Amino acid sequence: MWRLATNFILFQSCWWAAFFWQNDALPMMVALIALMLALSDKRKQDILLLASLPIALLLETSAAQFALLQFEGAWIPWWLVLLWVSLLLTINHSLRFITRLPLWQCFFLCWVCAPFSYLGAARFDVLSTPLPWWQFYLVYGLLWASAFTVIIVINRLAGRVEDNT
């Protein structure tokens, strides 16, 4: 139970650091991610799961290219990359419950919940979106839920690979 709580606290620390300090938070975020990996009892599966990071980056860069999200600079910011790394490291721990859901429930939960973080960040000028909030919520939520559900499928496959080794 302590690993689950620690994983949750470390992820939340990454999230809030990114929220408040963006790129100034990078050293702290790297240290928190290293700690998440060091404390993991599923390190091999977590590392395999990090191979799905390009899916998350494709989501974010596509959203930026199609002006769903806007950041300072030409590319998605490094703090968002590290935030995704830390999120991936919660899937086998503090977000483990989501891996046990049927895929349609995982998709729906992500579609309902994920856009709130981005809308909150937009409200405080961490990022911006030119769309009305409800359009962003529907479109980006659909994209985010699709990407995260694929990542969950990859995690399930990675778990099978780990079980067979």
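The values are calculated or read from the model by the stated rules, or taken from the named source; none is laboratory data. Since this is a predicted model, take the numbers as computed values, not measurements. In this analysis, Cβ positions are derived from the backbone assuming ideal geometry, glycine residues included, and neighbour counts consider all displayed protein chains.
The table for this structure:
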| read-out | value |
| --- | --- |
| Check on Leu4, of a type outside the set (Asp, Glu), modelled with pLDDT under 95 and in a helix (DSSP H, G or I) | yes |
| Qualifying residues in region 155-165 (those that are surrounded by fewer than 17 Cβ atoms within 10 Å (Cβ to Cβ) and hydrophobic (A, V, I, L, M, F, W, C)) - the one modelled with the lowest pLDDT | Val161 |
| Subset tally (residues that are crowded, with 17+ Cβ neighbours inside 10 Å and under 14 Å from the mean Cα position of the chain (by Cα)) for region 16-35 | 3 |
| Output for region 53-76, where each listed residue is under 14 Å from Trp144 (Cβ atoms), in a loop (DSSP other than H, G, I, E, B) and touching a residue at least 12 places away in the same chain (Cβ under 8 Å) | Leu68, Leu69, Ile76 |
| Residue match in region 127-139 (condition: loosely packed, with under 14 Cβ neighbours inside 10 Å and on the phi > 0 side of the Ramachandran plot) | no |
| Number of the exception - Glu72 against (1) surrounded by 14 or more Cβ atoms within 10 Å (Cβ to Cβ); (2) farther than 21 Å from Arg160 by Cα | (1) |
| Which listed residue, of Trp111, Trp84, Trp79, is in contact with a Gly (Cβ under 8 Å, 6 or more places away or on another chain), surrounded by 19 or more Cβ atoms within 10 Å (Cβ to Cβ) and either closer than 17 Å to Cys14 by Cα or without any contact (Cβ under 8 Å) to a residue 40 or more places away in the chain (or both) | Trp111 |
| Complete set of residues in region 8-24 that are within 13 Å of Ser86 (Cα to Cα) and either of a type in the set (A, V, I, L, M, F, W, C) or touching a helix residue (DSSP H, G or I) at 6+ places or on another chain (Cβ under 6 Å) (or both) | Phe8, Ile9, Leu10, Phe11, Ser13, Cys14, Trp15, Trp16, Ala17, Ala18 |
| Tabulated pairs, region 89-107, first in contact (Cβ under 8 Å) with a residue 40 or more places away in the chain and in a helix (DSSP H, G or I), second buried (at least 18 other Cβ atoms within 10 Å of the Cβ) and hydroxyl-bearing (Ser, Thr, Tyr), C-beta under 7 angstrom, 6+ apart or interchain | Leu103/Thr149; Cys106/Thr149; Phe107/Thr149 |
| Tabulated pairs, region 9-28, first at positive phi, second at pLDDT 95 or above, C-beta under 9 angstrom, 6+ apart or interchain | Gln22/Pro77; Gln22/Trp78; Gln22/Trp79; Gln22/Leu80 |
| Filtered residue count, region 121-145, keeping only those that are in a helix (DSSP H, G or I) and touching a residue at least 60 places away in the same chain (Cβ under 8 Å) | 6 |
